[in-house]
Amino acid sequence: MEAVTELVAGKPVVIFGKSNCFVSPTVEALISSFGANPVLYHLDTMPNGQRIESALAQLDRQPAKGPAVFIGQEYIGGANAITTLHVKNELVPRLLRANAIFIWR
């Protein structure tokens, strides 16, 4: 878990995914559409990717299929969690609190 904490530290939005995952870019595009600049890590291309993936799986009772998203160093979940926040109009306020974006109309 320490490796995850280090990779997330000081970054407003972090997405952990795999290079062959089609959902990770979709989540990244949604978050970016509000002006945020998420950091995307491809676990399958990282030297310690399997260890990080195991640590991420321990964060959730039902491990997310696809990306694992952190906003403001807080684990949010996968694509379903991000979509739910967006539909409830809670994604932008979280991005604002994390200083991932600074203004929103």
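Where does the chain land at 222 nm, in deg cm²/dmol rounded to the nearest 500, when only DSSP H runs of n ≥ 4 count, each adding -39500 (n - 2.57), divided by all residues?
-11000 deg cm²/dmol
Say R0 is 22 Å: what FRET efficiency, to the nearest 0.05, do Gln73 and Ile103 get from their beta-carbon distance?
The calculated FRET efficiency here is 0.50.
Determine the shape class of segment 1-51: with a ≥ b ≥ c the square roots of the Cα gyration tensor eigenvalues, call it rounded for a/c under 1.5, and otherwise prolate if a/b is greater than b/c, oblate otherwise.
Note, shape of segment 1-51 comes out oblate.
Over all pairs of distinct alpha carbons, what does the Kirkwood formula give as the hydrodynamic radius of segment 2-97, in Å?
It is 13.3 Å.
Every read-out reported here was derived from the displayed coordinates using simple, explicitly stated rules and does not represent laboratory data. What you see is a predicted model; the values in this text were computed from it and never measured. For neighbour counting, all protein chains shown are included, and Cβ atoms are generated from backbone atoms with ideal geometry for every residue, glycine included.
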